[in-house]
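Below is one structure, written out as structure tokens; the observations come after it.
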Amino acid sequence: MVELKTPGEIEAMAAAGAVVADALAATRAAAAVGVRLVDLDAVAHDVLHAAGASSPFLGYHPSFAGAPYPGVLCLSVNDAVLHGIPTAYELREGDLLNVDCGATLDGWTGDAAISFCIGTGSEEDVRLLEHTEAALHAGIAAARPGARIGDVSAAIGAVARAAGYGLHTDFGGHGVGRTMHESPHIPNDGRPGRGLRLPPGLTIAIEPWFLAGGRDAYRVDDDGWTLRSADGSRGAHFEHTIAVTDDGPRILTTVS
């Protein structure tokens with residue numbers, strides 16, 4: 001069931017989203033050569049704790065995973081693009097890091113992700129990052145009242161195809177509100193004019209993830225969580241939680 005939010009509830013979600021934005025900014029500032037992924041997870045944990053927020057990631061146990069998630073961040077490096085577990089891996093020069101974070105504050109949740117290179121990124125990685133982030137903003141721009149989910153999906157997919165990147169409709173965007181994952185599902189490719197019409201009050205996460213190798217195949221590590229490209233090519237992932245309003249889409253996962 002799709003739950004529409006009141007203006008007051010959207011403001012409460014924006015407060016949770018601001019905590020997510022702060023945690024992502026702190027994580028990015030701390031990410032450097034030699035820093036361990038578990039140390040970055042601790043940085044985000046401290047931001048959430050200081051804000052009085054909890055993590056919807058920590059202890060999350062969907063049916064596809066063999067064990068509950070052990071961190072407050074998903075930290076995916078290079079050919080890993082989604083759901084990477086915080087480990088003792090030490091970041092290296094040129095690594096491509098995807099960081100996904102959620103926060104629940106006063107019963108409302110925000111969810112967002114960023115990707116960036118450690119030190120100086122290659123031209124190929126910079127191009128991948130630019131196009132994946134552009135797809136996020138294309139999807140957000142399409143999320144206007146009266147549009148349909150297919151319009152958002154098609155806007156994302158068009159960027160990937162034009163750039164020659166692999167994309168998949170698994171693990172796309174989703175509704176957000178009182179919990180991290182609500183209806184509807186927002187695939188990262190689709191046909192315009194199809195699917196649920198977007199009403200004011202709908203709150204969703206839009207999250208393109210692209211694979212540089214041009215193929216859409218992926219595999220999951222033995223940890224049951226970390227999703228990697230099947231061909232070893234690098235991946236990028238960007239996400240914002242937004243609200244559909246009468247005035248157009250409003251990004252909720254920014255610093256207030």
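The values are calculated or read from the model by the stated rules, or taken from the named source; none is laboratory data. Model, not experiment: these values are computed from the prediction. As a convention, Cβ positions derive from the backbone with ideal geometry for all residues, glycine included, and neighbour counts pool all protein chains shown. Keep in mind that these areas ignore ligands, DNA and RNA; they rest on the heavy atoms of the full protein, side chains included. Shrake-Rupley method; radii C 1.70, N 1.55, O 1.52, S 1.80 Å.
Summary of computed values
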| read-out | value |
| --- | --- |
| Count - residues of segment 71-90 that are part of a loop (DSSP other than H, G, I, E, B) and surrounded by 12 or more Cβ atoms within 10 Å (Cβ to Cβ) | 10 |
| Identity of the residue in segment 53-70, open to solvent by 60 Å² or more (accessible area, probe 1.4 Å) and part of a loop (DSSP other than H, G, I, E, B), that ends up nearest to PHE171 (Cα to Cα) | PHE64 |
| In segment 27-37, residue nearest to SER76 (Cα to Cα) [restricted to those that are part of a helix (DSSP H, G or I) and open to solvent by 40 Å² or more (accessible area, probe 1.4 Å)] | ARG28 |
| Among (1) out of contact with any Asp or Glu (no Cβ under 7 Å at 6 or more places or on another chain); (2) surrounded by 14 or more Cβ atoms within 10 Å (Cβ to Cβ); (3) within 28 Å of ALA212 (Cβ to Cβ), the one test that GLU93 misses | (2) |
| Whichever residue in segment 163-173 is in contact (Cβ under 8 Å) with a residue 60 or more places away in the chain and surrounded by 20 or more Cβ atoms within 10 Å (Cβ to Cβ) and, among such residues, is nearest to the chain's Cα centre (by Cα) | GLY173 |
| Selection status of ASP111, acidic (Asp, Glu), under 30 Å from ILE10 (Cβ atoms), open to solvent by less than 10 Å² (accessible area, probe 1.4 Å) and in contact (Cβ under 8 Å) with a residue 60 or more places away in the chain | yes |
| All positions within segment 200-256 that are open to solvent by less than 10 Å² (accessible area, probe 1.4 Å), of a type in the set (Ser, Thr, Tyr) and assigned to a strand (DSSP E or B) | THR203, SER229, THR241 |
| Residue among LEU40, LEU4, LEU24 that alone is more than 19 Å from the chain's Cα centre (by Cα) and either surrounded by fewer than 14 Cβ atoms within 10 Å (Cβ to Cβ) or not charged (D, E, K, R) (or both) | LEU4 |
| The one condition in (1) assigned to a strand (DSSP E or B); (2) in contact (Cβ under 8 Å) with a residue 40 or more places away in the chain that GLY139 fails to fulfil | (1) |
| Some residue of segment 115-123 being among the β-branched types (Val, Ile, Thr), modelled with pLDDT of 95 or more and open to solvent by 40 Å² or more (accessible area, probe 1.4 Å) | yes |
